[in-house]
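The values are calculated or read from the model by the stated rules, or taken from the named source; none is laboratory data. Quantities reported herein were computed from a predicted structural model and do not represent experimental measurements. Positions of Cβ are generated from backbone atoms using ideal geometry, with glycine treated the same way; all protein chains shown enter the neighbour counts. In case anyone asks, the SASA skips ligands and DNA or RNA and just uses the protein heavy atoms, side chains included. Shrake-Rupley method; radii C 1.70, N 1.55, O 1.52, S 1.80 Å.
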Amino acid sequence: MKTDFLQKHADFFLIFAFFAVPPIFISSQPSFSPAAPLLSLIVYIALSAYIVVKSKFGKNDFKAFSVVNSFLLLCMLLANAKTWDFATILFDKSQSELTKTIPEGFLENAYIVFSIFISALYEELLFRQFLPEGAFSFVKNFSKTSGNAKIARICTEIAITMIFALGHRYLGVWAVLNAFTAGCILRFFCIRTGSFISGFTAHFMYNLIVFFVL
């Protein structure tokens, strides 16, 4: 029984250990660019494909997509970011702005857009679908009552969102707070709609706007 339990959650533990935890330990970065190395993008694509197959992604996920929800989510993400920007101005005068690596030419810009697309897809599948559901599937085995199950659900949701947020700590403490609240918003919509697609669309557009416009 114990062996079956571990086998059932083996992929969760491996993906958690090798993909969710390592970004937490990146403490600083002199400049910011969303252009991920090609090998990283290939790994992100492979892991995203695994999660899609694992979650039995299908027509219902596309039916749950809503342009209105995506636009609303985008507006909420932008408002959330501006709120934390304002808090930074008020409470952290010493906060230095991270230098952006500006792409040059069509190919570099196209690669940036492709990187943002893949990264947003990967993060939404991993942090809004696979890890929260996998963590709850693991801990609910120890929940004896429905009340405990609800507490376990809340704790796992907070823990996974915090791990997502801490993966942004190289951008500073305010970026971590922004990522945490943004992660809560995106996860809420993922649960409410039953699909990650609206969240992915908003996340992708948000990252494009932040890098190319703001």
Q: Compute the length gained on full extension between Ala17 and Phe188: take 0.36 nm times their separation in residues and subtract their Cα-Cα distance, giving the result in nm to one decimal.
A: 59.1 nm
Q: With a Förster radius of 35 Å, plug the Cβ-Cβ distance of Asp92 and Val67 into 1/(1 + (r/R0)^6) and report the FRET value to the nearest 0.05.
A: 0.45
Q. From the Cα gyration tensor of the range 104-187, with a ≥ b ≥ c the square roots of its eigenvalues, which class applies: rounded if a/c is under 1.5, or else prolate if a/b is larger than b/c, or else oblate?
A. prolate
Q.
Rounded to the nearest 10 Å², what accessible area does Asp85 have for a 1.4 Å probe in the complete protein model?
A. 80
Q. Sorting Arg192, Arg128 by accessible area (1.4 Å probe), largest first, what list results?
A. Arg192, Arg128
Q | For Phe91, solvent-accessible area (1.4 Å; no DNA, RNA or ligand), Å² | A | 150
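Just to be sure I follow the definition: excluding the sites themselves, where is the longest run in the chain that has none of the GluC sites (Glu not before Pro) in a DSSP loop with at most 10 other Cβ atoms within 10 Å? Working shown, then result.
Working: sites that count: Glu97, Glu104.
It runs 105-214.
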Q: For the range 148-214, evaluate the Debye formula with one uniform point scatterer on each Cα (no solvent term) and list log10 I(q)/I(0) at q = 0.14, 0.18, 0.26 Å⁻¹, rounded to two decimals.
A: -0.48, -0.76, -1.19
Q) Mean shadow of the chain, computed from the convex hull of its alpha carbons, in nm²? A) 13.7
Q. In degrees, nearest 10, range 0 to 90: what is the angle between the Cα axis of helix 38-54 and the longest Cα principal axis of the chain?
A. 30
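Return the subset of Lys56/Lys140; Lys54/Lys140; Lys59/Lys82; Lys8/Lys140 for which the Cα-Cα distance in this structure is over 25 Å, preserving the input order. Mind showing how you got there, number by number?
Working: Lys56/Lys140 21 Å; Lys54/Lys140 19 Å; Lys59/Lys82 35 Å; Lys8/Lys140 13 Å.
Result: Lys59/Lys82 exceed 25 Å.
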Q | Estimated inter-spin distance, Leu107 and Ala49, nm [label 7 Å along Cα→Cβ] | A | 2.5
